[in-house]
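Every read-out reported here was derived from the displayed coordinates using simple, explicitly stated rules and does not represent laboratory data. Everything quoted here is computed from the prediction, not taken from an experiment. Methodologically, a virtual Cβ is constructed for each residue, glycine included, from the backbone with ideal geometry; neighbour enumeration extends over all protein chains shown.
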Amino acid sequence: MRYSSVLALVAALPALALPSQLLAAETLSDANAVDQVVVTAGRAADKLSETPVSMTVITGETLRQRQAVVVSDLLSRTPGVTVTRNGGVGGSTQVRIRGAESDQTAVLIDGVKLNDPSSTGGGYNFANLLAGDVSRIELLRGPQSTLWGSQAIGGVVSMITKTPDSALSGDAAIEGGSRATAYARFGAGAGGAWGGWRLAASQYTTAGISNFAESRGGKEKDGYRNTAVSGRLDLNVTDAVALDGRVSYTAGRNEFDGFPAPFYAFADTPEYGKIRELVSYLGARLSSFDGALASRVGYSYTQTDRDNYDPTLSAPKTFDSRGTDNSLEYQGAWTINPVWRAVFGAETERTWFRTASPSFSPQVDRHATGMDSVYGQLQAKPAPGLTLTGGVRRDEHDTFGGSTTYQAGAAWSLNEGATVLRANYGEGFKAPSLYQLYSDYGNTTLKPEEAKSWDLGVEHALLEGRLRGSVTYFSRDTKNQIDFVSNNTPPNFGGYANTAKTKADGVEVEASYEVNTIVTVSTNYTNMDATNRSAGANFGKDLARRAGETANADLAIDLPAGLSGGVSMQYVGHSFDNASNTRRLKSYVLTDVRIAYPINETFEVYGRVENLLDQQYETLYRYGTLGRGAFAGVRARF
């Protein structure tokens, strides 16, 4: 592991002794904040103190307090997470958890898995994911495939949208600022004993920055716009039967730079892309045996359409793709008695993709595959404060065959909840993508990528919960990672194979302190080694674009008169842009400030300055990053 002056960043705010399992400042004032209810870790409602896995909860109040617009920016300030982006907002965005690949992160919205079957690795691109109608984010670190299936090697990002539970109400916001940026959102809904409904919409636009870094010669700005609409309906048919449906649609257009002739070097170009993402779900919830068995049957459908254009070509469309995912699932949660609970389920998933490059070839690739899965997890509470879990999952894939994953963990709450000890062992896998299986470079003999991981953690609270802290150690080994292997055989001169191995281990430290009713301080620090363990010239070298050290610190102020504000600082240590570690990306520190003031019970004005010190940095070699930006807006609740 590596240590540096990053500790000075944490010390820049009042020194703290212990960390918090939570990011949100408003939860820190609650002495029982560690016992808030989470749903992602066990696919059922659990107290956080009974959860063996390492996780961070970002509440709706935190989203409001931080004035969040881009979800990936908020995730980058949580322990163990690194984010890289091809240029400004709207550029291809990769989220890596504990050093895993970006396509080894399972992403969910209201329980529906998001991915793009037509992309090279089949993962999810966070570029178009804005906070919008999200009310809560639960982030699980470490392999979670026993419950969440393929891709959950690094962890799980689960987003939960707003659910109305009272009479007609709504919220809205509009803001503008640097780089001709404008953002507006609106949502309204109603709920009651019968169920609830909600509709929401948002629009984001910005002139952006040059995708090709200005410091390296980029001059043409690459803009971005995003339009999103969503809706949900919940109906309580009887006391034992409920129906729910959800749909969301996002359309984005981003401009980017490429590699024009005759030099084919990265430079300004007028290229742009369009992406449309549809997520839909229809389900039924059943309660049986006086509520002891809660069942859910659901069908989900997602579709991603991507088109790229180069106006300088006679046939401007350079890429055309569509990926779809159809999933049918059953899940049951059976409370056997106060000591035992079982969560179990079955899923069947069918994915399909089509890709073409009209400017270069008339060929259109179409392929589909399927996977059937069963899983089960048993939870026991054999003694006061002690929670044990164990689970197993079996997946059968049309092409590579079967894969079995296991999980076991324990959480022990002591001293009336002031201390929580955690230990967890988890396994993860990722099925080969359709592109890796069936493209011109594909290989139908590929095996799934596999990971085994364990972590140990301790959390402690002092001063009636005002001071909280946690330390977690983790280690993960991944094998059979799919990599492109070059050879001298035409026409493709290579293809995909299970040749890569990686290892990641490190320590995550979190701290929070509610100094008084006005000031709250929170920090986190991650020290991680993520290395290549594949035989060859790059053995032992750092994995590309994974910073060995990251740290975050936040000072939140909430005055009695309603005025609130804060300062956030983010440190990202150096990393390497390539596997051979010959291109080094320098470390950097970003500083943001924010302020908000409620005019009355309905309206609040707010503003922030991002990258206050105008830090120049790169997350990807030669790609631009956002400089100083000022934004102001007004939001309302009614």
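Packing around the peptides 259-272, 596-609, taken as the average count of other Cβ atoms within 10 Å per residue, puts them in this order, highest first: 596-609, 259-272. Here r is the Cβ-Cβ distance between Leu563 and Leu463 and R0 is 22 Å; the resulting FRET efficiency, rounded to 0.05, is 0.30. Within segment 180-227, the trypsin sites (Lys or Arg not before Pro) that combine a DSSP coil assignment with at most 11 other C-beta atoms in a 10 angstrom radius are Lys219.
For segment 293-397, the direction-averaged projected area of the alpha-carbon convex hull comes to 9.9 nm².
The mean of 1/r over all distinct Cα pairs in segment 134-173, once inverted, gives the Kirkwood hydrodynamic radius of 12.3 Å. Values (i) 239; (ii) 163; (iii) 147 are given for comparison; volume of the Cα convex hull per residue in Å³, derived from the coordinates here, is the one labelled (iii). The residues Tyr124, Tyr406, Tyr525, when put in order of fewest to most other Cβ atoms within 10 Å, stand as Tyr406, Tyr525, Tyr124.
For the residue pairs Lys113/Lys274; Lys541/Lys586; Lys503/Lys586, the alpha carbons lie more than 20 Å apart in Lys113/Lys274; Lys503/Lys586. Per-residue ellipticity at 222 nm computed for the chain from its helices equals -1000 deg cm²/dmol, with DSSP H segments shorter than 4 residues left out and the rest contributing -39,500 (n - 2.57). Built from the Cα atoms of segment 52-151, the convex hull projects on average onto 6.5 nm², one quarter of its surface area.
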